[in-house]
Structures are given as C-alpha cells and as structure tokens.
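Following: one structure in structure tokens, then a few remarks.
The values are calculated or read from the model by the stated rules, or taken from the named source; none is laboratory data. The structure presented is a predicted model; accordingly, all values stated were derived computationally and were not measured. Using ideal geometry, Cβ is built from the backbone for each residue, glycine included, and neighbour counts are taken over all protein chains shown. Heads up: the accessible areas ignore ligands, DNA and RNA and are worked out on the full protein's heavy atoms, side chains in. Shrake-Rupley method; radii C 1.70, N 1.55, O 1.52, S 1.80 Å.
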Amino acid sequence: MNPPAIFTVLDRREEIPHTVTLRIQPAQGGTVTPFAPGQFNMLYGFGSGEVPISFSGATAEQGYYSHTLRAVGKSTEALARLQPGDQLGVRGPFGRGWPMDQLAGRHVLIIAGGLGLAPLQPLIEAIVAKPADYLGAQLFYGGRRPEELLYLARMAAWRDALNVELTVDMASRDWSGHVGVVTGPLASAKFPASNTVAVVCGPEIMMRFAVRTLQQRGLDDASIYLSMERNMHCALGHCGRCQWGPNFVCKDGPVFRYSDIAPWFHVREL
Amino acid sequence: MKTVADYVREHALFDGMDPAQVEFIAGCGRLRRFHEGEYLTRENDAADHFYLVLEGRVVIETHRINQPPAPLLTLCANDIVGWSWLIPPYRYQFDSRALTAVRTVELNGQCIRGKCESDNCLGYALLKRLTSVMVDRIHGARMQLLDVYGAATPGADPLP
C-alpha cells in the first residue's frame with residue numbers, strides 16, 4: 001500500500017460552522033499530482049485516522065490541493081482543527097471522477113445537497129472557466145438553512161456561467177431563495193432533456209429523489225451520474241470495505257453512471 | 001393574443017388533459033397579476049380561488065405569535081397555489097405572498113366545484129392531477145422533516 005506523503009496546511013477557511021476548507025501543499029515543496037473533478041484523497045490526521053475527502057478546488061490550481069470537510073467524528077475533527085503550518089498525511093488522488101468528456105457540448109444539470117457541493121466545485125469551476133464548451137448549465141443546491149450553504153461568496157462568479165437555484169429546508173422571512181426540497185425547482189426547470197447530463201452529489205436519500213425527478217423530466221438513466229459514498233479504507237480496491245454490489249466505490253467510483261448501478265442503488269442495507 | 005384557455009392549457013397541471021375539459025375549466029379563470037409583497041391568499045379567509053403560477057415566485061407561510069411569519073415552501077412557474085377551495089370548510093390554511101412580481105391565472109373555486117359536480121369525468125380528471133401535486137408536496141414536507149443535510153454527508157467519517 002502506498003504510504004502517505006507529508007503535506008503542510010497553507011491556510012484554513014471556516015466555510016460554515018464545523019466545516020472548513022484546507023489548502024495543503026507538499027511539505028517538501030514541488031508539484032502535486034493532477035486530479036480530475038470528483039476524485040478524492042485519503043487525508044491522515046496523525047494519530048486520529050485516515051478519511052476519504054473529495055477535491056474541492058479547481059483543477060487549474062497549481063502546487064496545492066483544496067479539501068472541504070465537515071467535523072463529524074474523531075478523524076475529521078482532528079483534520080478540521082489543523083492550522084496553517086500543521087502537517088498531515090495524504091494519499092491519492094483516487095477513484096473515478098465526473099465524466100467531463102461526456103459534458104462537453106451538452107446542457108449540464110448540477111444537483112447538490114449540503115456538503116455534496118464540495119466534490120462538484122471542481123466541475124463547476126471547469127464550466128465557469130470555459131462556459132462556451134457547454135450548451136448551458138444550471139446548479140440546484142439544497143441545504144438545511146441559508147447560513148449552512150457552502151461557497152456563497154464564490155457563487156457570485158458562477159452566476160455568469162450558470163443559473164443558480166438555492167433551496168433550503170428552513171429559512172427566515174428575509175431569505176430570497178427557495179424554501180422546500182431541491183427537487184422542487186428542478187421539476188419546473190427548463191432544459192433540453194435529450195441533450196442534458198445530470199451530475200448529483202448529496203445525501204443518498206436526496207439523490208434518490210433527484211433521480212426520480214430527472215427520470216420524470218425525461219432524462220435517460222445513462223445521462224445521470226451520482227457520487228456515492230461508502231466506508232473506505234485502502235482506497236485501492238483491495239480491502240473490500242467499500243464493496244457495493246460488484247463495484248468498489250473507491251476504485252470504480254465514487255462517481256457512477258446511474259444506468260450502471262441502478263440494480264444496487266435501491267437495495268436496502270447494501 | 002393569448003387567451004386564458006391558452007395559459008391554462010400550457011400549465012403543467014393540465015398537461016395532456018382533454019382540450020374540451022381544459023376549455024371548460026378556463027371558463028372559470030381570469031388573468032391576474034400580483035406585485036411583490038402582495039398576498040394571493042390569507043390564512044382563514046374564504047378560499048374562493050386558486051392560482052396557476054405563470055411567472056414569478058410565491059412563498060407559502062404561516063404566522064407565529066411575536067415572531068415573523070415562517071416560510072414553508074416556495075412556488076414558481078408551473079406550480080399551483082391553493083387547494084382549500086376543494087375541501088370544506090373552504091378556508092385558506094396558509095398565507096401565500098408574492099416574492100416577486102407574479103403572473104397567474106386565477107381560477108374561481110366555486111365555479112370549478114360546480115362544473116366538477118355536473119361533470120364527474122372532469123371532476124375525476126382534475127382530482128387526479130391535484131392529488132399528484134398534493135402527494136409531491138407531502139413527499140417534500142417529509143424530506144424537509146428528515147433533515148437530510150444534518151448528518152451522514154460526503155466528507156463524514158467512515159463508520160468503525
């Protein structure tokens with residue numbers, strides 16, 4: 001198994017409570033291995049364990065990686081506590097990411113829930129960098145409350161290249177976005193179904209509802225891509241911990257085409 | 001120039017419905033605009049109308065003691081506002097307020113109830129469509145109650 005490389009925290013930004021973005025660079029300096037949108041690294045907080053965390057920065061970033069993570073357990077709490085100058089272990093990049101070659105020339109529906117926007121940010125930045133390469137793009141982003149939505153400041157720049165619809169479960173009266181479920185605005189959105197690709201990342205129950213809405217809107221199963229999450233350990237497809245049906249999420253995913261995984265997607269406890 | 005029937009026919013609620021039935025329903029409607037901040041419905045008022053949203057956004061909300069009203073759901077083009085006209089005692093259960101300038105077809109609930117009573121096929125066809133909207137709203141409300149963004153999201157720790 002490949003040993004972790006030592007990286008140093010360049011900076012740490014608190015996005016929302018309990019959720020931070022770390023920019024990290026190799027401790028020895030030099031370049032970093034390029035990654036594709038949707039791939040992930042295994043981040044190792046010394047003495048607290050290793051966790052898979054998606055890349056959340058633009059692929060054009062040079063010399064460092066960006067990772068957004070939420071402190072929800074021992075390992076991620078340790079990583080979220082890291083400060084500039086602190087060190088951590090990094091293995092990666094791993095996995096198969098978003099099908100960027102399939103998106104060119106087509107309309108792209110980006111559907112994200114909660115922290116699920118983080119693995120989609122590299123894809124969004126790619127679209128924002130070259131909007132003419134796509135027929136169009138729409139982002140549907142759902143969260144619990146307005147103050148728990150990620151990257152709101154950055155979204156101002158995204159709006160030049162894509163239509164952004166924000167939806168929250170709960171809001172105060174001054175909220176100008178949607179209240180409800182993220183599939184609400186999606187159900188009435190206008191897009192050419194026959195030439196559209198959807199990329200979805202968020203809580204699995206949200207993705208189930210999103211798939212159903214996309215099917216009702218005329219998208220075929222081969223045009224829907226989901227980023228799945230299962231417990232990972234080796235990230236190389238050897239240990240079997242993330243086996244899901246015939247697939248290993250770490251190696252064959254985390255991004256899957258829905259038509260390839262539909263038989264397992266609705267199997268309980270899998 | 002488009003008629004009320006044209007707008008009714010193009011609305012998602014009536015997609016694929018028998019044109020004669022749509023025409024019949026459109027006879028109970030008129031075009032109506034609301035300014036930003038104006039109310040389409042007020043809680044406990046007589047539910048005489050419901051609205052096909054053509055353009056703009058509407059928020060469904062309820063009032064609270066000593067607090068601002070709580071937004072519950074935002075609706076936009078191709079959504080409908082109000083079904084209290086269908087169910088006794090025919091009083092609105094929530095406020096609905098225009099978040100932007102809103103264009104609607106306002107349908108008279110009493111007129112439609114009368115037509116549905118006299119033409120049960122029309123009543124059943126309309127009820128099936130409204131039930132579908134109600135079911136979608138119930139599913140959405142359940143999802144909101146589940147608080148799916150609160151836990152177990154990408155980036156979370158693997159389980160032991």
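Please report the equivalent ellipsoid semi-axes of the stretch B:4-139, computed as sqrt(5 x eigenvalue) of the Cα gyration tensor, largest first, in whole Å.
25, 16, 13
Round to the nearest 10 and give me the degree value, 0 to 90, for the angle of helix B:109-118's Cα axis relative to the longest principal axis of chain B.
60 degrees
Roughly how many debye, to the nearest 20, is the charge dipole of chain A about its Cα centre, given +1 on each Lys and Arg Cβ, -1 on each Asp and Glu Cβ, and no other charges?
So the magnitude is around 200 debye.
How big a patch of accessible area, both sides summed and in Å² to the nearest 100, lies buried between A and B at a 1.4 Å probe?
3000 Å²
Quantify, in whole percent, the carbon and sulfur part of the accessible surface of the stretch B:37-104 (1.4 Å probe; protein heavy atoms only).
52 percent
Given R₀ = 41 Å, what would the calculated FRET efficiency be for A:THR31 paired with A:GLN215, taking r from the Cβ atoms and rounding to 0.05?
That gives a FRET efficiency of 0.45.
With springs connecting C-alpha atoms under 10 Å apart, model chain A as a Gaussian network and identify which of A:VAL128, A:VAL255, A:VAL199 has the largest mean-square fluctuation.
Looking only at A:VAL128, A:VAL255, A:VAL199, the biggest GNM fluctuation is shown by A:VAL128.
Ignoring ligands, DNA and RNA, please state the percent of accessible area on chain A from carbon and sulfur, probe 1.4 Å.
48 percent
If one computes the Cα centroid of the stretch A:190-231 and of the stretch B:50-93, what distance in Å separates the two points?
28 Å
Thinking of the protein assembly as shown as a set of Cα atoms, what percent of all their pairs are more than 38 Å apart?
It works out to 29 percent of all Cα pairs.
Top to bottom by accessible area (1.4 Å), largest first, where do A:PHE40, A:PHE35 land?
Heavy-atom accessible area, descending, gives A:PHE35, A:PHE40.
Of B:ALA70, B:PRO89, B:GLY29, which is farthest towards the positive pole of the stretch B:17-97's charge dipole, taken about the Cα centre with +1 and -1 on the beta-carbons of Lys, Arg and Asp, Glu respectively?
Farthest along the dipole direction, towards plus: B:ALA70.
Can you give me the accessible area per residue for the stretch B:31-156, using a 1.4 Å probe, in Å²?
Dividing the accessible area of the stretch B:31-156 by its residue count gives 51 Å².
Rounded, prolate or oblate, given the Cα gyration tensor of the stretch A:5-94, with a/c below 1.5 counting as rounded?
rounded
Report the relative contact order of chain B, percent, no decimals, based on alpha-carbon pairs under 8 angstrom and at least 6 residues apart.
Reported as a whole number, the value is 27 percent.
With unit charges on the beta carbon (Lys/Arg positive, Asp/Glu negative), name the residue among A:GLY85, A:PRO37, A:PRO52 whose Cα is farthest towards the positive pole of the charge dipole of the stretch A:1-125.
So the residue we want is A:PRO52.
How do B:ILE138, A:ILE111, B:ILE65 stack up against each other in accessible area, from largest to smallest, with a 1.4 angstrom probe?
B:ILE65, B:ILE138, A:ILE111
Pick out which of B:SER96, B:SER84, B:SER118 has the largest mean-square fluctuation in a Gaussian network model of chain B, springs linking Cα atoms closer than 10 Å.
B:SER118
May I ask for the longest run of chain B untouched by trypsin sites (Lys or Arg not before Pro) that are loop-located per DSSP and have at most 15 neighbouring C-beta atoms (other than their own) within 10 Å?
B:43-160
For chain B, modelled as a Gaussian network with Cα springs under 10 Å, which listed residue fluctuates most, B:VAL105, B:VAL22, B:VAL135?
Top of the fluctuation ranking is B:VAL135.
Of A:GLU77, B:GLU10, which has the most accessible area with a 1.4 Å probe, and how do the rest follow in descending order?
Sorted descending by solvent-accessible area, the residues read B:GLU10, A:GLU77.
Per residue of A:91-97, count partner chain C-beta atoms within 10 Å of its C-beta, then hand back the mean as an integer.
Averaged over the peptide's residues, the number is 0.
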